[in-house]
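Here's the structure we're looking at; comments come further down.
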Amino acid sequence: MPRPAVRRGSLRGAAHSRCPVEVRWDIALGADHFLAVYLPVAQSPDLLRAGVGQQGGASLEDQLTVGDATIIVTSPLPAAAGSDLVVRVRWPSAPRGGSARLELHRRTNAPNGVEGIVASVPIDPGALTDGSVDLQLPVPLGTPPSFDGAGLEITYIIRVLIDRALRPDAAIERPVGIC
């Protein structure tokens, strides 16, 4: 059985969430046989619920309050890669007069990790004040799971951002767990 190819940089952005494992049998006077597979490494949602690590249980709560704003995730948490996060935002004091969007951000301290916006959807800024609209935020396939341990962190946040012309943008955010 041939060994699967591991391309240089194939783990980039995944921050070591998949590790190749190889088992070899030493057969005397014959060809050595081996088996190689990818071993997914993910943090148990139970550890997140228990508040282990910096991300902790807040990433799995349905509703979090930030100032006078509330961000509610109605879809099951932790969210699976390839699924949609269903989010409802109520922000009575949201600034007026600009465009708005809902973003999923990845943060990591891995040396080869990629941080930044994973997904983004536009929002009607007027719908933020009463929280009456359910927003579908896609979690792309292949998104590495939330992880916090052994000096490695991959965390995610949901951010609501309002662009304001000639002024700093306004934003609220909360942690969210991905599996």
Label-point separation in nm, Ile27 to Leu166, each point 7 Å along Cα→Cβ: 7.8 nm
Nearest-0.05 FRET efficiency for Gln136 and Asp68, computed from C-beta distance (R0 22 Å): 0.35
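In a shell of Cβ-Cβ distance under 13 Å around Pro95, excluding Pro95 itself, what net charge do Lys and Arg (+1) and Asp and Glu (-1) give? Can you show the working numbers first?
Numbers: positive: Arg96, Arg164, Arg167; negative: Asp68, Asp163, Asp169.
With Lys, Arg at +1 and Asp, Glu at -1, the net is 0.
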Label-point separation in nm, Arg107 to Ala58, each point 7 Å along Cα→Cβ: 0.9 nm
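No value in this document is a laboratory result; all are computed from the given coordinates. Note that the structure is a prediction, hence the values are computed from the model and not measured. Glycine gets a Cβ as well: all are built from the backbone with ideal geometry, and neighbour counts include every protein chain shown.
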